[in-house]
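The values are calculated or read from the model by the stated rules, or taken from the named source; none is laboratory data. What you see is a predicted model; the values in this text were computed from it and never measured. Neighbour counts are summed over all protein chains in view; Cβ atoms, including those assigned to glycine, are modelled from backbone coordinates with ideal geometry. The accessibility values were calculated without ligands, DNA or RNA, using every heavy atom of the protein model including side chains. Shrake-Rupley method; radii C 1.70, N 1.55, O 1.52, S 1.80 Å.
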Amino acid sequence: MKHWYRILVIVIVGMGITELRAQTIYGVKAGFNLSNMLVKDNFGTSSENFKMKPGYHMGVTAEMPFVESNDKYTFEIGLLFTTKGFRSAKDFSNNSFDETDINTTAYYLEVPMTAKAYYQLDKVKIFGLFGPYLGRGVNRKAMARAIYDNYIVDPEEEIKWGLDDEHADHIGGLDLGLIIGGGVQINAVEIGINYGLGLENV
């Protein structure tokens with residue numbers, strides 16, 4: 001529960017700071033995700049066959065200038081619902097199974113905190129951003145699909161968060177990392193692309 005309190009405090013403080021500025025801009029954000037995971041231990045890497053998993057994110061943001069009456073450099077904080085995970089597909093021709101497909105999805109509440117810099121170019125603004133993010137897992141499920149002699153087995157399981165002995169093979173609920181990205185702003189609409197690098201061992 002302490003992770004939830006940390007995220008709540010960050011959001012409240014961040015939103016409270018933005019309330020002190022008259023030029024605060026509130027917005028909504030939504031987009032498309034591609035995520036993957038790296039799995040390795042002392043015996044090597046076991047995620048070579050993992051594939052990008054498509055997903056989505058959506059939420060709200062608040063943005064304010066670092067200096068009053070200067071909109072070139074701003075700070076943005078948000079609260080997003082986002083999906084992460086990975087897919088693993090293998091072809092076992094001439095083996096016990098014909099093929100398998102494992103689809104793992106993790107749902108997070110994520111708080112990005114980024115510094116943004118704008119540059120005016122004709123009628124549009126170009127921007128870049130960089131900063132940390134903090135996330136807390138709210139749900140996770142794994143689906144497996146195996147084909148054996150044209151017989152399909154496709155169980156689905158909801159897996160608990162945790163890295164203790166009881167859930168040794170599961171995913172840790174706290175995620176943190178760095179975001180770097182950029183895009184363009186046309187009137188009140190921003191279109192951009194971000195890359196998030198997870199730093200927490202989940």
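What the table below lists for this structure:
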| read-out | value |
| --- | --- |
| Hits in the stretch 63-119 - residues which are among the acidic types (Asp, Glu) and either at pLDDT 80 or above or surrounded by 14 or more Cβ atoms within 10 Å (Cβ to Cβ) (or both) | Glu63, Asp71, Glu76, Asp98, Glu99, Asp101, Glu110 |
| Flag if Tyr133 is in contact with a Pro (Cβ under 7 Å, 6 or more places away or on another chain) and either modelled with pLDDT under 90 or not aliphatic (A, V, I, L, M) (or both) | yes |
| Of the criteria (1) exposed (fewer than 13 other Cβ atoms within 10 Å of the Cβ); (2) within 25 Å of Phe86 (Cα to Cα); (3) at pLDDT below 65, which one Tyr195 fails | (3) |
| Test: residue in the stretch 42-55 that is in contact with a helix residue (DSSP H, G or I) (Cβ under 6 Å, 6 or more places away or on another chain), under 29 Å from Asn201 (Cα atoms) and open to solvent by less than 80 Å² (accessible area, probe 1.4 Å) | no |
